[in-house]
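Quick note: the coordinates plus some simple rules give every number you see, no bench work behind them. What you are looking at is a predicted structure, and each value in this text was computed from that prediction instead of being measured. Every residue, glycine as well, gets a Cβ built from its backbone with ideal geometry; the counts of neighbours run over all protein chains shown.
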Amino acid sequence: MKTRPIFSSALSSRLIPSVVAVLLFAATTPSLAQTGSISGQVTASGDLRPIVGAQVSIPETGLGTLTNSQGEFLIVNVPAGLQRVTAQMIGYSTETNEVDVSSGATVNLDFALNQTALALDEIVVTGTAGAARRREIGNSIGSIRSETLENETILSAQDAITGTVPSLQVNMNGGDPGAGGSIRIRGANSMTQGNRPLLYVDGVRMENDLFPGSMSNQAASPLDDINPNDIERIEVIKGASATTLYGTEASGGVIQIFTKRGQAGPPQWTAEMSQGISHVGSIGPGGESAAYLEKYPGAEDLFMRQWLQTGHEQDYGLSVRGGAEAMNYFLSGHVSDQTGVLPQQASSGLSLRGNLGFNPVPSLTVQFTGSASQRNIDWIPLGNLAKGFSLNIMRGPHDYVADADSVFLTEYETKENINHFITGTEFRFNPSANFNAKLNLGLDYADNDYNRTEVFGSLLEPEGIRVARRWTSQTRTVDLQSTYVQTIGALSTNTSIGFQIFQNKRLQVQGTSRNFAGPGNPTLNTGSSQTTDEDRLEEVNAGLFVQELLGLADKFFLTLGARVDGNSAFGEDYGLQFYPKASLSYVISDESFWPAALETSRLRFAYGESGKAPGYFDAERTWNPISSLGGLPGVTPSTRGNPELGPERSKEFEGGFEITMLQNRLIVDASYYHQTTDNALIELPQDPSTGFVSSQIDNAGSFINKGAELAIDATLVSTNRLTWGVGIIGSTMTSEILELGATPSIFLGGSLTPGMFAREGFPLPAYWGAKLLNPNEVAAPEVEEQYIGPMYPTRTISVSSFLNMGRLRANARVEHQGGHYQLSHTAWRNAQRGVWPPCFSVAEQIDAGNLSQLTAQERFECGSSFIADWGAYISPMDFIKLRSVSLAYDVPANLLGGRMGDLTLSLGGRNLWTTSDYVGVDPEAVDDNDSLTRHEYYNMPIPRVFTFTVRSAF
Amino acid sequence: MMKFIKNNMRWPRTAVLVVLAGMATSACDVVNPGRILDADLSQEGALRVLVNGIGGDVTLAYRGLGWNLEVLTGGLTGTSAYDSRIRHWRGNPNALDAEDYNSAWAAGWVADQGIARMQEVLGGEFNNSALAAEAYVWGGIAYRLLGESMCQAVFDGGAPTDRSEYLERAEEYFTSAAEIASAVGNSSLRNAALGGRASVRINLGDWQGAVADAQQVPTAYEWAVIMHGGDTRERNEIFYENQRRTNLNVRYSFFHSYGEEFDDPRADIVIPTDVGAADGSFPQVWHTKYTAAGDDVPAVKGTEMRLIEAEYYITQTGEWQRGLDIVNQLRADAGVAPWTASNQAEAFTALKKERAIVLWLEHRRGGDLYRWGNTAAGDPVLAKMYENVAQSDGHELAIPQGERAICLPFSQTLVSTNPNIS
């Protein structure tokens, strides 16, 4: 094995100022030995399709490249002599071959990789210090591979992670163009600090919360600013057992997106055009009765049929990737335009990406990634809003504006403009085969410009209202890691240390203006009454970690690690946090006693801790500045404060196994996890007689989440002409609140959002509602409160299937979520008003003065004038959705005369079919965006989308 | 590994670790702007905003508790979720538990703490500060609202006590306000203090003290809780929910029929033809008491003082005709026909109606109803509300009995967070 000096004495002296300088300027003298080249092709064994983007490398020299669109590669400047060349591609087995390189000559070397979902030598970088092979890692890692992204109908980055990884639950909250969804991994493990996982793009932490809400009661997601066509793969780590090295804030899991990189070779262009339509067939239970129309002659359709339209979607993209010996590039551009299923709903976007990599010296790789995106969204007022379009239509004659529902389209304008920049530079220093270091510097900058206008002379606000809001988020990443690898006989050690700083700054400035001077196109200056609000918040999280990975005979791996963390939101009396981790991975199939039928088998166990920091001001006693006494400055109590406040701490144990059988045709990956969150940050209501009306955060709670995960990949048929496979992903999740401090029952709703509680001994969060005691009695309902069920799914199942027949490829994915409940305010509040179709007959009886002749059940469900109880409308949300269908055809080159490169035509569909007994409009539709509690309140269902795509690679 | 480190990274490693530790420590030292730290308020320059804040929290308490009080005492009818009767009378423990409702208790605490902080900062100057008098006035109004509305009192997380302690705290604050206002020669603050104390004393049974205070306040005088149309926190909710969102309605209340019978500018109504209530029902009946979201809500006014005097004569001295004359003088001033009465009971009924009209939508009915026994038989406003309930075939509402009928309970939040309350 050839080695080079690790540090020269001159280099050592340059380490003093900072590690950054080390990584930037620590160049070692490149070898001047005689060299040759290696070229070849990487294909999939079986159908021999070229594998694009496979990594081909010579580990001992640090040389490597990626295959082009034909699966071809070329490595130049290879030292003459015998070289071990490795070809790797996620989803395929890793293959290593030896080749003798002659000086000045090019030697050919081809690889045929076996497709597998269990690639133990696949390199994983999320959740582990440095890069590690999957076989070395003791926790489960979800991988979403390029095949999935290319073959399914993916309309957004959120779509890319929907239904593809066990326990990764993604729900679209509303059918509005531009609306973001909810993302949770292994349920809710925080009551107050959010449950969205951390998001990384190419090592750069990005904003993971939804943008501030809109008048549609939906919010856009920063995740959707990433062009899904730019994504190479996605890694998902799920809980504290895997996220320890991310420290505070990581207990909700981590999702890391890797975008495409360039490769050596001539430019490879890909052009793509997609056209699509979206529509909602119908909303609600239907069944408006003749009696209803007789009672309200000329009444509008309750469920908006006269307003629903077919939406149009169009996307255009162009990308190029290529490179030379010491540099590579990937550039892409993408524009999109979308109209919604209701008038005036629209979203358009533009995104640009440039990923550049180069090697200034052989031991240093610099990778720059940058993206800029812009989205413009037109919202209309929907959801829980007195001025809501859907609320007023669906309430029929019992609304705020009688027959004037169209005013919400003509008198309201809501626009959101999003600019999002994510940029990072990674310096990877590989001075020898034993030592490597990596420095990642990143900036995520999101700018959200939102404004809405209720015009002068509008029906409900005749004086007019203008709201303008500017919200920005900057997240800076400094991530430094170094690893030293040593092998002593069968024993290998992999020692890593690292340091990370994440700084997030948020700014929100909002102005509201009322009482316009007159009609026209207003700004904030137009109104005579103006109020402003400004928030500037900064949070810093910094931590050091160390990890030791011990390997024995390349089949037994023990990892021990720890992170020490500080966070600006910790209370004054709170010190640094220590998060330990340990994991064990045992490739038992490498043992001689293991049955050959169980081809590749691995056992893994992991334990780890991570946390979530409290909010910016939770530790301090503060007062809020307010406008008082008609606009004069005043103060009012804000937070009581708690100087001992610290992060909530999640501890997770995970165990599992992976097995392949039948010549790699059947792959089973199973896990069990048990997660405990201690010192959970609870919003404890305050005694209002002590002055503080707002809840105070306290480390007072304890929860558990536990469940099982199963992923099965089965290749049912595999021939040179046809490959047919099925994938099943399933998970169960049970949560329980063990302790809530001094308040064992916390009401999570308000007077308008009943039934939602956190209570000891029950899931977090859960619904309670009235149970009817005398359903058949002709009398007023007698009820008692009872536990109904959890708000989050207790089980998810996703079944996918692919069929490859030469040039024709078909894919489908069906997803089920179940075991959870939701209150449909749409149904309940319409029932109260006598305009819920299943209640029409009862409403007629009440109108006729026959209330006293109705049974308790009828009154419980359908009693108008606010007798109907919400408990009757908390219903199971179990659903099955056909998430994705696609059919793609590679047009033969001879039909194109060689003028269009590789042409692929595809038909796709998304959310095409849903079955559910849920009583409301859609089992995924929710109000209040991404809050802990969920309820539906006149939200729009998720539309079906059909697309036709033409993709050309040339 | 260790050998490698020893050979190659000994002192650079130390330097790097020192740098990193320093970066970690300093990087986490962040101060965010916007909020005001508690200690920063204990300076003389901050006292103006502190007193403004006390007044601002009284505004919030009026805003949050006000519309509930009107709906529960017959001043307005609520539509949909704003019908507090539906939830409160049916015993829903969360019926009156919104943050705005809880702000009534917070307003009292804020006044207590603000006054104590001012005493500490100003020292001997406190008793010669108009700001102190103003703080006392706002504190008195906050505790009067609680004392007139709540079934029991609780202070600063302590044990429940009799509701009269709220009124006694209000009387104490108004007394201090009057003394300081007199000392600094601020007649407006003095009138507010005396008028406020008079209104409290009638509910404490101190009629002679009340009348003595009331007689010092001119009929035209008014001290108001300040509203601001441009700020949701300070918005006049009685206007906004009646004439904008239409969740509060005058329909079917005593004032609906009164407005149709009398052309009284103090309780006038308008019935628009093109606007329905929030639930789509018609008519939506508007009041004209507040015509903008920034209209202030009177808290102390001379016309109430005259009614205190009138009630004193009718109920305490037996001079019911003298009392009725005072009532009718107010009506004459408003250009409205007088009430007639032939005996003390009829004069008392006339007084009840007049107080309801004069103080309509000012959130004061709780004290009156508690003082009068809160029975429909003796109160025309309640009688109309109960008649409406009986006619509303869908409501199935039982007229509440016991304390729930005559005063408001602790909020569910207060019950669940105060260990002294069972």
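A viscosity of 1.567 mPa s and a temperature of 4 °C, combined with the Kirkwood radius over C-alpha pairs in the Stokes-Einstein formula, give chain B a diffusion coefficient of 55 µm²/s.
Within the straight-line cut-off of under 27 Å between alpha carbons, the lysines reachable from A:Lys581 are A:Lys238, A:Lys438, A:Lys555, A:Lys612, A:Lys651, A:Lys706, B:Lys3, B:Lys6, sequence neighbours fewer than 8 places apart in one chain being disregarded.
DSSP beta bridges in the protein assembly as shown, what fraction antiparallel, as a percent rounded to 5?
95 percent
Could you rank the peptides B:267-276, A:817-826 by their average count of other C-beta atoms within 10 Å per residue, with the highest value first?
Descending packing order for the listed peptides: A:817-826, B:267-276.
Compared with the dominant principal axis of the Cα atoms in chain B, helix B:99-122 is inclined by about 70°. Among the residues of A:413-423, the average count of other protein chain beta-carbon atoms within 10 Å of the residue beta-carbon is 0.
Compared with the dominant Cα axis of chain B, that is its longest principal axis, helix B:380-391 is turned about 80°. Based on the reciprocal of the average 1/r between different C-alpha atoms, the Kirkwood radius for the range A:871-954 equals 16.0 Å. Pairs of Cα atoms nearer than 8 Å and 6+ residues apart set the relative contact order; for the range A:524-633 it is 21 percent. From least to most packed, judged by other beta carbons within 10 angstrom and beginning with the fewest, B:Val381, A:Val485 follow the order A:Val485, B:Val381. The protection proxy used here, the mean number of other Cβ atoms lying within 10 Å of each residue, ranks peptides A:829-840, A:342-353 as follows, highest first: A:829-840, A:342-353. When only Cα pairs below 8 angstrom with a gap of at least 6 residues are kept, chain A shows a relative contact order of 11 percent.
Once Rg and the Kirkwood radius are both taken over the C-alpha atoms of the range A:207-328, their ratio Rg/Rh works out to 1.19. The distance separating the Cα centre of the range B:296-368 from that of the range A:819-867 comes to 44 Å. Structural size metrics of the range A:573-626, computed from C-alpha coordinates, are Rg and Dmax of 23.5, 74 Å. Remark: mean inter-chain Cβ contacts per residue of B:106-119 equal 3, using a 10 Å Cβ-Cβ cutoff to other protein chain atoms. Normalised by the number of residues in the range A:182-328, the mean separation of alpha-carbon contacts (under 8 Å, six or more apart) gives a relative contact order of 23 percent. Across the range A:388-485, the volume of the C-alpha convex hull divided among the residues equals 132 Å³ per residue.
If N is the number of residues in the range A:447-592, what value comes out of its Cα radius of gyration divided by 2.2 N^0.38 Å? Working shown, then result.
Details: Rg = 27.9 Å, N = 146, 2.2 N^0.38 = 14.6 Å.
Ratio of Rg to 2.2 N^0.38 Å for the range A:447-592: 1.91.
Judged by the ratio a/c of the largest to the smallest principal axis of the C-alpha gyration tensor, the range A:732-874 counts as oblate, that ratio being 1.5 or greater while a/b is no larger than b/c. With all projection directions averaged, the alpha carbon convex hull of the range A:429-487 covers 6.5 nm². Once the Cα atoms are used to define both axes, helix B:130-149 deviates from the longest principal axis of chain B by about 70 degrees.
Answer rounded, prolate or oblate for the range A:262-408, using the Cα gyration tensor with square roots of eigenvalues a ≥ b ≥ c: rounded when a/c is under 1.5, else prolate when a/b is larger than b/c, else oblate. Since a/c reaches 1.5 and a/b is larger than b/c, the shape of the range A:262-408 is classed as prolate. Counting other Cβ atoms within 10 Å as a rough exposure proxy, the listed residues B:Asp83, B:Asp231 run B:Asp231, B:Asp83 from fewest neighbours to most. By the compact-protein rule of thumb, 2.2 N^0.38 Å, the alpha-carbon radius of gyration of the protein assembly as shown corresponds to a ratio of 1.04. Taking the helices alone, the protein assembly as shown has a mean residue ellipticity at 222 nm of -6500 deg cm²/dmol, built from -39,500 (n - 2.57) per DSSP H run of at least 4 residues and averaged over all its residues.
Percentage of Cα-Cα pair distances in the range A:145-268 greater than 20 Å, rounded to whole percent? Above the 20 Å cut-off, the range A:145-268 has 45 percent of its Cα pairs.
Counting neighbouring beta carbons within 10 Å and listing from fewest to most, the residues B:Thr413, A:Thr425, A:Thr523 come out as A:Thr523, A:Thr425, B:Thr413. Could you tell me whether the range A:208-261 comes out rounded, prolate or oblate from its Cα gyration tensor? Rule is a ≥ b ≥ c as square roots of the eigenvalues, rounded for a/c under 1.5, then prolate if a/b exceeds b/c, otherwise oblate. Cα axes put the range A:208-261 in the oblate bin.
For the range A:765-838, the spherically averaged projection of the C-alpha convex hull amounts to 8.8 nm². Protection proxy ranking for B:236-248, B:210-222, using the average of other Cβ atoms within 10 Å per residue and placing the highest first: B:236-248, B:210-222. Shielding value for A:585-592 is 0, the average number of Cβ atoms from other chains within 10 Å of each residue's Cβ.
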